[in-house]
Amino acid sequence: MDLELLERTLADAGEPSYRAGQAWDWAARGAAGYAAMTNLPAALRARLEDQVPFSTLTVQREAHARDGTVKTLFHTADGRPVEAVLMRYRDGRRSVCLSSQSGCPLTCTFCATGAMRFGRNLSAWEILDQALHFRRVEPIDHVVFMGMGEPMMNLDAVLGACARLPGAGVTNRRTAISTVGWVPGIERLTASGLPVRLALSLHAADDALRSAIMPVNERYPLADVLAACRRHFEATNRMVFVEYVMLAGVNDRHEQARQLVDVLDPRAFKVNLIPYNPTGAYHGSGRAAIDAFRAVLEEHGLRATVRLTRGRDIDAACGQLAGVTVPPSAAPTRAGEDGRAPGGPPGEATSATPGTPRPGGPPGEATSATPGTPRGAQPPPPVPASPEATPVKRSRSARTLAT
Ligand code: SF4
């Protein structure tokens, strides 16, 4: 829901300003539409129905994994594909992985989103509406910005969404923002004082390999990125989670584990090893290699966990978001008017889905995806990107690795 449009519409209608808060309270608590907002006059509900779309997104398709994970493909009003994922855990946690951009300009070689055409930054409302969509299904309590896009390149909108998420049940302390190392964004996040968790997608502990896997490293080299993360830790006293996707024969050797130990201060960083979802040019490391790598880290005092993969059978796992699941003929449905059972009126919670798998480690699960994944629904003519969102070219070595 575009709350600025809502406020303007209410002002034009001569309504008191508290009406916007009433409408937001209903939406944030899972109401299915304006009709449910019984403390708003009926004529006003009808006017809002006409003039303010209940969601900025249209549901195109939803896929359900055996482990309870749900991936939803939305379109923005201008036809940009956006994916978000709901992850259900046996302990009752409900975590939503949100996208901050349609596509991504950063072209990481292991990532299907990076292989898509970059569309544009999402607005705060388009980010928030991904979460509200799942909130209409059931209560949610965690959010990770690990979907399509680099959140630090669209930080104003991401922080705008974070400011509203507590109303939908997700406190800032249960929110994680992941970056590939966009230093200006890390610094701005630190300065904001928002108590969210910072996660860094590292994937290699030396510049040459990291630049080959992630071209952004040529703009912001490892030492600068780690220094920014270190300053974040010192300013916030919250450890930075390091994401490290395990690629067989690329970054999973014993000496590479030692390199990681050398560059990460165990007081400031905790490592999350991510089994690679094998659909592209890389092969994922085997369980034995992952366990051996983790053992080296822990022998040297660096805390490390292995992430439980979620939603792999619906391409919703780490590195698999690419907006590819929608046939052009799929009948669009306006999010929030899709016939779902509402999450209930304010104050009423729905029950969580039982029988879901045991939890993995925080923060969150899904990011983008794999080279070689078919390119998906390309949006209509691109709109100008923000000045910050200049695509980072893949280096020659990166192209070599990806093919
Ligand atoms: S891993 Fe993240 S930053 Fe890199 S291309 Fe994918 S979405 Fe973009």
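Ordering Arg94, Arg258, Arg45 by the number of other Cβ atoms within 10 Å of each residue's own Cβ, fewest first, gives Arg258, Arg45, Arg94.
Between Ser192 and Asp224, the FRET efficiency estimated from the beta carbon spacing at R0 = 22 angstrom works out to 0.65. Once the C-beta distance of Asp262 and Arg117 is scaled by a Förster radius of 56 Å, the resulting FRET efficiency is 0.90 to the nearest 0.05. Placing unit charges on the Cβ atoms only, positive for Lys and Arg and negative for Asp and Glu, gives segment 1-53 a dipole magnitude near 180 debye about its Cα centre. Distance between the pseudo-spin-label points of Glu49 and Ala208 (7 Å out from Cα toward the beta carbon): 6.6 nm.
Extension gain, Asn172 to Asp91: 0.36 nm times the residue separation minus the Cα-Cα distance gives 27.1 nm.
The residues Phe134, Phe145, when put in order of fewest to most other Cβ atoms within 10 Å, stand as Phe134, Phe145. Calculate, for Arg8 and Asp141, the FRET efficiency according to 1/(1 + (r/R0)^6) with r their C-beta to C-beta distance and R0 41 Å; round to the nearest 0.05. FRET efficiency, Arg8 to Asp141: 0.80.
If you wrap the tightest convex hull around every Cα atom of segment 1-53 and split its volume per residue, you get 69 Å³. By the count of neighbouring beta-carbon atoms within 10 Å, fewest first, Asp78, Asp67 end up ordered Asp78, Asp67. Roughly speaking, what is the centre-to-centre gap between segment 1-67 and segment 203-270 when only Cα atoms are used, to the nearest Å? Taking the Cα centre of segment 203-270 as reference, the centre of segment 1-67 is 42 Å away.
Rule-based calculations on the coordinates, nothing more; no lab input. Predicted model only: the values in this text are computed from it and were never measured. Note that each Cβ is placed from the backbone with ideal geometry, even for glycine, and that neighbours are counted across all protein chains shown.
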